[in-house]
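Trainee: One structure coming up, written as structure tokens, with questions to follow.
The values are calculated or read from the model by the stated rules, or taken from the named source; none is laboratory data. Please read all numbers here as calculations on a predicted model, not as lab measurements. Ideal geometry is used to build each Cβ from the backbone, glycine not excepted, and the neighbour counts take in all protein chains shown. For accessibility, only protein heavy atoms count, side chains too; no ligands or nucleic acids. Shrake-Rupley method; radii C 1.70, N 1.55, O 1.52, S 1.80 Å.
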Amino acid sequence: MTTLLQINSSIFSNGGQSSQLANAFVAKWRVRNPETKVVVRDLANEPLPHLDAQRVSAYFAQPGARTPEQQSFVDESETLIDEIKQSDVIVIGLPMYNFGIPSTLKAYFDRIARAGLTFRYTENGPEGLLPGKKVYVFAARGGMYAGTALDSQTNYVRDFLNFLGITDIEFVYAEGLNMGEQAKDQALAGAHRRLAELAD
């Protein structure tokens with residue numbers, strides 16, 4: 001059975017345009033693949049604290065020497081890692097906030113990047129331990145950034161996932177959403193056409 005992990009990172013939860021695009025894609029995917037198990041992680045409804053020294057220290061502490069608090073930090077991280085390990089398909093709703101990814105998504109990424117669990121260092125450099133997954137990223141932006149130097153999201157998200165061994169990544173953009181109703185309607189219509197193609 002295919003497992004699909006959906007990660008919505010809009011601060012508006014299901015009200016965000018990126019979440020709505022991700023939701024629409026998953027709905028169409030389910031029609032075509034009714035046996036799929038869908039796991040949803042909404043980072044607005046279940047925000048993760050930003051990484052701090054206590055959590056990093058917990059990750060590096062020897063298992064038998066961890067305090068109960070440290071073990072709770074490790075358990076939180078490993079729950080997220082197990083989710084993504086078990087997924088075959090990953091769908092990310094990605095709004096742009098002040099030229100970057102949402103801080104909640106960065107906090108999520110910081111939890112799943114764990115040496116020995118999702119990547120490892122070898123004599124030839126880092127090796128990702130999560131190969132064989134397909135990712136669909138639905139990026140919603142108020143302005144026009146794709147293909148420009150101001151698009152800090154695309155390369156960052158791709159590079160991060162590549163670092164974990166995930167290389168099959170499809171980006172769908174809905175841009176110009178704050179540039180008038182006509183631009184918004186055209187952008188969303190184009191994104192919905194593309195997601196329908198990808199879900200087939």
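Trainee: When Lys and Arg each count +1 and Asp and Glu each count -1, what net charge do the other residues less than 11 Å away from Leu80, Cβ to Cβ, add up to?
Mentor: Working: positive: Arg41, Lys85, Arg111, Arg114; negative: Glu46, Asp75, Glu76, Glu78, Asp82, Glu83, Asp110.
So the environment of Leu80 carries a net charge of -3.
Trainee: Leaving out ligands, DNA and RNA, and with a 1.4 Å probe, what % of the accessible surface on the chain is carbon or sulfur?
Mentor: 51 percent
Trainee: Can you give me the P(r) profile for segment 53-200? Cα pairs, bins 10 angstrom wide beginning at 0, each as a whole percent.
Mentor: 10, 33, 31, 17, 7, 1
Trainee: Under the 0.36 nm per residue contour assumption, what length would be gained going from the current alpha-carbon distance of Ala115 and Thr67 to full extension?
Mentor: Working: separation 48, 0.36 × 48 = 17.28 nm, distance 2.05 nm.
That works out to 15.2 nm of additional length.
Trainee: Among Lys28/Lys85; Lys37/Lys106; Lys85/Lys106, which pairs are too far apart, with a Cα-Cα distance over 21 Å?
Mentor: Lys28/Lys85; Lys37/Lys106
Trainee: Which net charge results when you count Lys and Arg as +1 and Asp and Glu as -1 among the other residues whose beta-carbon is under 12 Å from that of Leu161?
Mentor: With Lys, Arg at +1 and Asp, Glu at -1, the neighbours total 0.
Trainee: Calculate the length of the line joining the C-alpha centroid of segment 126-185 to that of segment 1-77, in whole Å.
Mentor: 18 Å
Trainee: Enter the accessible area per residue of segment 1-115 (Å², integer; probe 1.4 Å; all protein chains in place).
Mentor: Details: 5470 Å² over 115 residues.
Here the residues of segment 1-115 average 48 Å² of exposed surface.
Trainee: Filter the GluC sites (Glu not before Pro) in segment 1-102 to those in DSSP coil with at most 13 other Cβ atoms within 10 Å of their Cβ, and list the result.
Mentor: Passing sites in segment 1-102 are Glu35.
Trainee: Within 12 Å, Cβ to Cβ, of Ser13, how many net charges do the neighbouring residues add up to if Lys/Arg are +1 and Asp/Glu are -1? The partial results should precede the final answer.
Mentor: Numbers: positive: Arg41; negative: Asp42, Glu46.
Net charge around Ser13: -1.
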